[in-house]
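Please read the structure below before turning to the comments.
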Amino acid sequence: MKKLVSFLATGLFALSFSQTHVKVSLDKNQVEHLYKGGQEKFETDLSDNLSYTGNVFQANGDFKLSFNVNDKGKVTNVKLLPELYDKTFEREVKRDFKRMEKHFAGTRNREVSVKLSFSRDFQPSDARVAFQARDPFAGQTGSR
């Protein structure tokens, strides 16, 4: 029993640091009236949907997701920029995003752009700045 508990504790500890965080940001009120639940719910849902894909592909970096919502609430013309050579990640992001289509309400044709930031940094909950490495020779001047 002790071995099982220690194995589970070790596994949970290791997995807790290997998660990809997805930060979603877009202009205020871009989807407030298009998405059931508003913009905050949209950001939370998209971040939750993309976190597994980010973990699988070990995504790191910034992307732009653009799409159109027509008057019937149908999502069309989904694009992920910058374009990647391997289309597998792009296909999975689009699939994860299309899962949210049922929450869009059709009011009028609208184009929406969303900034996605994938990072593997640990985000402390008390707003402290995480340790970051720096250049050891930064700020040193002198000639030889």
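Where a number appears in this text, it was derived from the coordinates with a stated rule and is not lab data. The shown structure was predicted, so the numbers you read here are calculated from the model rather than taken from an experiment. Reconstructed Cβ throughout: ideal geometry from the backbone, glycine too, with neighbour counts over all protein chains shown.
At-a-glance table
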| quantity | calculated |
| --- | --- |
| Distance between modelled label sites at Lys79 and Thr44, nm, 7 Å Cα→Cβ extension | 3.1 nm |
| Relative contact order computed over region 20-119 (Cα-Cα under 8 Å; 6+ residues apart), in percent | 42 percent |
| Cα-based equivalent ellipsoid of region 20-119: semi-axis lengths in Å, sorted from largest, via gyration tensor | 22, 14, 11 |
| Estimated inter-spin distance, Lys2 and Lys72, nm [label 7 Å along Cα→Cβ] | 6.5 nm |
| FRET efficiency, 1/(1 + (r/R0)^6) with R0 22 Å, evaluated for Val56 and Lys115 via beta carbons | 0.55 |
